[in-house]
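Peer 1: Before I ask anything, here is the structure I am working with.
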Amino acid sequence: MKRLINQHPPRTIGYLLGLLPFALLLLAYVAASAARLAENPDDPLLPSLGMMLETFWRLATEPSRRTGELVLWVDTAASLTRLALGVGISMLMGLVVGILAGLIPYAGRALSPLITAVAMIPPLAVLPILFITFGVGELAKVVLIVFGIAPFIIRDVQQRVEELPTEQLIKAQTLGASTWLVVVRVVLPQVFPRLLDATRLALGAAWLFLIASEAIAATEGLGYRIFLVRRFMDMATILPYVVWITLLAFLFDLLLRLANRWLFPWYGGRRR
Amino acid sequence: MQMIVTLRNVWKTYGRDVVLERLNLEVRTGEFITIVGASGCGKTTFLRMLLGEETPSRGELLLEGAPMPAEPGPDRGVVFQKYSVFPHLNALDNVLVAEEFGRARFTGRLFGGVRRRARAKALEMLEAVGLTHALKKYPHELSGGMQQRLAIAQALMKNPKILLLDEPFGALDPGIRGDMHALILDLWRRRRLTIFMVTHDLKEGFYLGTRLLVFDKVRHDPHAPNAYGANITYDIPVGRIEPGLFEEIRDQTGLPVAAEVVSRG
C-alpha cells in the first residue's frame, strides 16, 4: 500500500470526486426543501428546484407587469456595465500608474507611499463619502469599484515591473532604446499578462463592491434585485440570482485565463 | 594610435568600502580582453563601469578619448550570463527589435520596405550565430547555448565599439561552451570586435583572450577587509606564457581550474 501522499486518482475518478461535493450539497438541499414543503407548501425559505427554475424563467422571458421590462436582462446589463466600467478604469490606471511607479525612480518615490496608503483604506468605509460626492447615480458605484480594486492592480503591476531583470532594461538601452521605447516594447508587453492575472484576482472584490453599492442605492441591477426581494423572503428569486452571478463570475475568470494563454504564449512557458 | 578605452587612476568606492583602486589601463581596438579574479574582486563592477551602470568615484574613464557616458548606450553591447534576451519576443523579433529601437523613435516598430531591410539584416545576423532554424522560437523554447547565441546576435546588431561579456558561458555545459568559444572567436576575428569578457574560468580566460587581466587585492587589512580595493595584478599578453605563470595565478586567486596550461588553438 502506497502512502496517501503518493496515491493519485485516475482521470475519470478525479472528475467524479470533484463533482461529488456539489451532488451531495444539491441532494441535501432537495431533501430539506421537500421536507419543509411537505409541511407547508407555501413555505418561501427552501423553494424546490422546479419553483426556482420557474421564477428564473419568468424573470428572464416575461416582461415585468410593473415596468414591462425583462427583469433579469435589465439587471444583468446594468450590473455588467458598472462592473466593466469599474474594472476597465482600474486596469487602465493599473497599467499607467503601475508602470510609472515601477519603472521611473522619481515617479516611484512620489507615488508609492500614496498608493500604499490608499490601499489601506477600507473601500466600504468611504462609500458614504462617494454617495455624498458623486450622488447616488452610476458614478458612485463605478468609483467604489475603482477605489476598491485599482490600488491592488496598480501595486501588482508595479511589483511586476520592478521584478523585470535589470539585465533586460540595460540590454534594451544598449540596443538604443529610449525610456518610451523601453515602456512600449519591453515593459508593457511583459506586464500585460500579469495585468490580466491581477484583474482575475480582483474580480471577486469588484463583485463585492458592486453588489454592496447596488444594495444601498440603485433602481436596477443584480445586487439591487436580491436585496429588494429579501424583504419578501423570496428565496426562489435570490438563489437563482446568486447562481447566475456565480456563473458570470466564473465565465469572466475563464475568459481572462484563456485570453492570457492565447495572446501571450510565452508567458506560461517562462514561469514553468 | 587612438585608444578605444583608457583608465587613468580609476577608483570605485561605496562609502568607506573600496572596491577598485588605482586602475590604469589602455586598450586598443581589436583586443580581446579577458578578466579573471576571485569572486568579490570587483571584476563585475569594472564591467558595469564600462557599461555606464556605475561611474568611477575618482579618476578618468575614457571611451575613444571622451568621458564614458554615464548610462548604457548603443556604442557598448553586452551579453549577460542570464536574462539577456526578451522572453516575450521570438528569436527573430529579439534581433529585429534592435533595429526598431534605433529607427522608430515613437512606435518602436518598422513597416514596409524599411522593415524588410531590417529583417534581412536580422536574418543575416542570426545566420552568423547559427540560429536560422529557430527564428520563430521563444527564448524559453531555446537551450541555454542557443539563448546566448541569440543574445550575441542581438548585441552585434548595433555594431558596438566594445562588446562586454559578463560570464556569458558560465551556465553552459562544457561541450556547448566549446562551441560558443569557437563562435565568439570567429565573430571577433571576422568583425574585428573589441571584447571585454569577465570569466571565473581561468582556462577560458587564457584560451579566448589576447590579453588577460587579473583583478586581485594587493593590500590587506585584516581588521578592515574593505579598506583596500582590488587592482589589476597581472596584465598579460596571452600567447607568450611563461611556464608556471598559470599555476602562480591560480594559486594566488584560488580559482578552481584544471592544472594544464592551454595554448591558443
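A short reminder: the numbers here are calculations on the coordinates, not readings from a lab. All values reported here derive from a predicted model rather than from experimental measurement. Because the Cβ atoms are built from the backbone with ideal geometry, glycine has one as well, and the counts that use them run over all protein chains shown.
Peer 1: How far is it, in nm, from the label point at A:T246 to the one at A:E138 when both lie 7 Å from their Cα along the line to the Cβ?
Peer 2: A separation of 3.0 nm, rounded to one decimal place.
Peer 1: Let me ask something additional. What's the exposure ranking of B:D221, A:D156, going from fewest to most Cβ atoms within 10 Å? Mind dumping the intermediate values first?
Peer 2: Values: B:D221 10, A:D156 20.
Placing the least packed residue first, the sequence is B:D221, A:D156.
Peer 1: Enter the mean number of other protein chain beta carbons within 10 Å of the beta carbon of each residue in B:102-112, as an integer.
Peer 2: Details: counts 4, 1, 3, 5, 4, 4, 10, 3, 0, 0, 0.
Rounded to a whole number, the mean comes out at 3.
Peer 1: Could you work out Rg/(2.2 N^0.38 Å) for segment B:83-159, with Rg from alpha carbons only?
Peer 2: 1.01
Peer 1: Hey, could you pull the Cα Rg and Dmax for chain B, both in Å?
Peer 2: That works out to 19.3, 65 Å for Rg and Dmax.
Peer 1: By its C-alpha gyration tensor, with a ≥ b ≥ c as the square roots of the eigenvalues, how is chain A shaped: rounded for a/c under 1.5, else prolate for a/b larger than b/c, else oblate?
Peer 2: Values: a/c = 2.73, a/b = 1.52, b/c = 1.80.
Oblate is the answer for chain A, as a/c is 1.5 or above yet b/c matches or exceeds a/b.
Peer 1: Which order do A:Y224, B:Y234 fall in if you start with the one that has the fewest other Cβ atoms within 10 Å?
Peer 2: B:Y234, A:Y224
Peer 1: Next question, about the same structure. At a Förster distance of 60 Å, what's the computed FRET efficiency of A:L16 paired with A:Y106, Cβ-Cβ distance as r, to 0.05?
Peer 2: Values: r = 57 Å, r/R0 = 0.95.
So, using R0 = 60 Å, E works out to roughly 0.55.
Peer 1: Can you work out the FRET efficiency for the pair B:Q252 and B:D186, with r the C-beta to C-beta distance and R0 = 25 Å, to the nearest 0.05? Show your work: numbers first, answer last.
Peer 2: On the way: r = 32 Å, r/R0 = 1.29.
Result of the calculation: an efficiency of 0.20.
Peer 1: Sequence-distant or interchain residues sharing an amide H contact under 5 Å with B:T29, placed H: which?
Peer 2: Excluding prolines and chain starts, which carry no amide H, the hits are B:I4.
Peer 1: Moving on. Just in segment B:36-109: which chymotrypsin sites (Phe, Trp or Tyr not before Pro) are loop by DSSP and have at most 14 other Cβ atoms within 10 Å?
Peer 2: Details: sites: B:F46, B:F80, B:Y83, B:F101, B:F106; in loops: B:F80, B:Y83, B:F106.
Answer by residue number: B:F106.
Peer 1: Where Rh denotes the Kirkwood radius from the mean inverse Cα pair distance, what is Rg over Rh for the protein assembly as shown?
Peer 2: Details: Rg = 32.2 Å, Rh = 28.4 Å.
For the protein assembly as shown, the value is 1.14.
Peer 1: How large is the helix-only mean residue ellipticity at 222 nm for chain B, computed as the sum of -39500 (n - 2.57) over DSSP H runs with n ≥ 4, divided by its residue count, in deg cm²/dmol to the nearest 500? Show your work: numbers first, answer last.
Peer 2: Values: 7 runs with 86 residues, N = 265.
Mean residue ellipticity, 222 nm, calculated: -10000 deg cm²/dmol.
Peer 1: Still on this structure: Test of the criteria: in segment A:24-102, which trypsin sites (Lys or Arg not before Pro) are in a DSSP loop and have at most 12 other Cβ atoms within 10 angstrom of their Cβ?
Peer 2: On the way: sites: A:R36, A:R58, A:R65, A:R66, A:R82; in loops: A:R65, A:R66.
For trypsin sites (Lys or Arg not before Pro) across segment A:24-102 that sit outside H, G, I, E and B with at most 12 neighbouring Cβ atoms in 10 Å, the list reads A:R65, A:R66.
Peer 1: Just from its helices, what would the mean residue ellipticity at 222 nm be for chain A, if runs of 4 or more DSSP H residues each count -39500 (n - 2.57) and the sum is divided by every residue, rounded to the nearest 500 deg cm²/dmol?
Peer 2: Details: 11 runs with 207 residues, N = 272.
Rounded to the nearest 500, the figure is -26000 deg cm²/dmol.
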